[in-house]
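One structure is given below, encoded as structure tokens.
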Amino acid sequence: MKITIDVDCTPEEAREFLGLPEVKPMQDAVMREIEQRMLANLKATDAETLFRTWLPAQMQGLEQMQKLFWSQLTKGDREPGSGRE
């Protein structure tokens, strides 16, 4: 013997009938928070912001490289046989 029962109701009606809690307000709040965080992170990845963040480190590296080159050049000028002893 096989019995089939078709229930025609909305998800809200089924949730209420079964005594399950309404989670839509909580889901909406969580989605708003996620959206705000994502937008804040997108603003942080703006090209101008990234450029300002990365530039000081790159400039420091360039300055160190220049100092290294200059130290090697001046070191070569002071060695015997260079004509500038």
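The values are calculated or read from the model by the stated rules, or taken from the named source; none is laboratory data. The model shown is predicted, which means the values in this text are computed figures rather than measured ones. Cβ sites come from the backbone with ideal geometry, for glycine too, and all protein chains shown count toward neighbours.
Please determine whether any residue of segment 72-82 is out of contact with any Phe, Trp or Tyr (no Cβ under 9 Å at 6 or more places or on another chain), among the small types (Gly, Ala, Ser), modelled with pLDDT under 65 and part of a loop (DSSP other than H, G, I, E, B). Within segment 72-82 (the criterion being out of contact with any Phe, Trp or Tyr (no Cβ under 9 Å at 6 or more places or on another chain), among the small types (Gly, Ala, Ser), modelled with pLDDT under 65 and part of a loop (DSSP other than H, G, I, E, B)), the answer is yes, since at least one residue qualifies. If we scan segment 39-61, do we find a residue that is acidic (Asp, Glu), surrounded by 10 or more Cβ atoms within 10 Å (Cβ to Cβ), modelled with pLDDT under 90 and in a helix (DSSP H, G or I)? No.
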